[in-house]
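**Q** Below is the structure I would like to discuss, written out as structure tokens.
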Amino acid sequence: MPNRILVTRSSMPDFDEYIDEIRDIWDSHWLTNMGPKHKALQAMLKEYMGVENIDLFTNGHMAIELTLQALNLQGEVITTPFTFASTTHAIVRNKLEPVFCDIDPVTYTIDTDQLESLITDRTSAIMPVHVYGNVCNIEAIDRIAKKYELKVIYDAAHTFGETYKGQGIGTFGDASCFSFHATKVFNTIEGGAVCFRNLSLGKKLYDLKNFGIHGPEEVSAVGANAKMNEFCAAMGICNLRHVDDQIAMRKAVVERYNSHLEGVEGIQLNAVQKDVKSNYAYYPVVFDEKVFGASRSDVFEKLSENGIGARKYFYPLTNTFSAFHGKYDVNRTPVALHISKRVLTLPLYADLSMEDVDRICEIILSCKK
Ligand code: T4K
């Protein structure tokens, strides 16, 4: 059997490039605490992402969790369950109540037609997810948030490098939280960032990521520790040099998949969004068993038998997690439930070969009845 192909594979620079980048870390013995690599990466990302304000974190989850904390929110936060555990956990860990809104059946992002009906006098914020890199209905969210004076925190973990109407995706809402995890389009091994609108929020975030320390004798807030270290920042500096090429290679993989799967009855491919510069983060496929003749699980098993590790992102929905002991009614998000039972994310990374894409599609199409 050929080598196993997994859902993704980390982008990495040449070994020598990374070694060159970390040489001065070795020489200086300065390993963390907002050192030169951290500062350099922050400046580079500000430029690349087209944002005014950005701070770096140890991972995407802490970026979200600390942003919610920094905003000092109370009561309920409206979000979606079709996401990674992190989104919902960040809300719950802040002792806030997640209120689950259903998703749009095409983009899988928050259904803004339902959003307003979920707002109560306890609602303090909306946390929409640009899932798979699909951009939420930003205009509607903005309008509703203004009307009800709600904060908007985007889970932008999947949207590195994207733009909407030519504007960096991190410029929308009060804050956008990015993940630079090993599995993402751009990685710093582990890492994350928050792009924020107000400098006062930035100050609170900085306090939370660095113990509230402002000098050897000045600790003015009760913060935690969520700093990005110098080795992770160095990885980011290297990966950023190649990210445009990586995205172009991902695009070619996506187009190859499309050439096989577009127009196949019983298969729904990811939406192409007007006004969005995509980063080709994920390749989700939704299977309609009645039309395709095989279920998502049948296809998953068949791929697995052939050494291909597709994933069921995002199944199960976060509002069904056993951690929540049945607290949330999944029937309130029927579209999310429907999609989560039928979706499969296929392998996608920059150097996935066209031959492998052809083989994956051949196996998928062999399941069709
Ligand atoms: N919000 C959203 C919407 C998110 O999707 C995420 C993370 C977050 C927030 C939180 O951000 P972080 O705190 O993670 O920065 C993976 C990732 O660990 C996670 O970052 C990501 N979302 C999620 C969608 O996918 P798993 O449990 O599927 O990871 P794992 O270990 O099964 O890896 C998946 C595949 O990636 C492997 O089969 C092979 C490949 N891989 C994995 C690792 C760890 C590599 O090529 N290199 C690696 O180092 O969660």
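Bear in mind that the values in this text are calculations on the coordinates, not laboratory data. Just so it is clear, the structure is predicted and the values come from calculations on it, not from any experiment. As a convention, Cβ positions derive from the backbone with ideal geometry for all residues, glycine included, and neighbour counts pool all protein chains shown.
**Q** Just how many % of Cα pairs in segment 110-267 lie over 22 Å apart, if you round to the nearest whole percent?
**A** Percentage above 22 Å: 56.
**Q** Using just the Cα positions, wrap the chain in a convex hull and report its mean projected area in square nanometres, one decimal place.
**A** Average projection, Cα convex hull of the chain: 19.3 nm².
**Q** Per DSSP H run of n ≥ 4, the term is -39500 (n - 2.57); total these for the chain, divide by its residue number, and report the mean residue ellipticity at 222 nm rounded to 500 deg cm²/dmol.
**A** -12000 deg cm²/dmol
**Q** Step through the table entries K204/K274; K46/K165; K95/K251; K302/K327; K274/K312; K327/K369, compare each Cα-Cα distance with 30 Å, and write down the pairs that go over it.
**A** K204/K274; K95/K251; K302/K327; K327/K369
**Q** Need one number: nm distance between label points at V219 and A248, each 7 Å from Cα along Cα→Cβ, rounded to one decimal.
**A** For the pair V219/A248, the computed spacing is 5.0 nm.
**Q** Next question. Hey, with R₀ at 30 Å, roughly what FRET efficiency would E305 and D351 work out to, going by the Cβ-Cβ distance, to 0.05?
**A** That gives a FRET efficiency of 0.80.
**Q** Right, here's the next one. Taking Rh as the Kirkwood radius computed over C-alpha pairs, what is the Stokes-Einstein D of segment 189-328 at 37 °C in a medium of viscosity 0.692 mPa s, expressed in µm² per second?
**A** 164 µm²/s
**Q** Now for a different question. If a/c stays under 1.5 just call it rounded; otherwise compare a/b with b/c (prolate if a/b is bigger, oblate if not). Do that for segment 53-169, with a ≥ b ≥ c from the square roots of the Cα gyration tensor eigenvalues.
**A** rounded
**Q** Go ahead and collect, in residue order, the members of segment 213-253 whose backbone nitrogen is under 19 Å from a label point 7 Å along the Cα-Cβ direction of N198.
**A** Label zone hits: 221-222.
**Q** Scan around H214 for amide H atoms under 5 Å from its own, H built in the peptide plane at 1.01 Å from N, and keep only partners 5 or more places away or cross-chain.
**A** Distant-sequence amide H within range of H214: V219, S220.
**Q** Farthest toward the dipole's positive end in segment 243-366, which of S366, Y328, S353, given Cβ charges of +1 (Lys, Arg) and -1 (Asp, Glu) about the Cα centre?
**A** Farthest along the dipole direction, towards plus: Y328.
**Q** Moving to a separate point now. Order of 342-352, 31-41 by packing, highest average Cβ count within 10 Å first? If you can, show how the numbers build up before the last one.
**A** Details: 342-352: 20.2, 31-41: 18.1.
Result, highest mean Cβ count within 10 Å first: 342-352, 31-41.
**Q** In sequence order, what are the phi-derived ³J(HN,Hα) couplings for segment 276-291 according to the Karplus relation 6.51 cos²θ - 1.76 cosθ + 1.60 with θ = phi - 60°, rounded to whole Hz, with x for glycine and proline?
**A** Listing the rounded values in order: 10, 8, 7, 10, 6, 6, 9, 10, x, 10, 9, 9, 9, 4, 4, 8 Hz.
**Q** Provide, in order from the shortest bin, the percent of all Cα-Cα pairs of segment 1-93 in each 5 Å bin, continuing until the bin that contains the maximum pair distance.
**A** All Cα pairs considered, the percentages come to 2, 9, 12, 15, 17, 15, 13, 10, 5, 2, 0.
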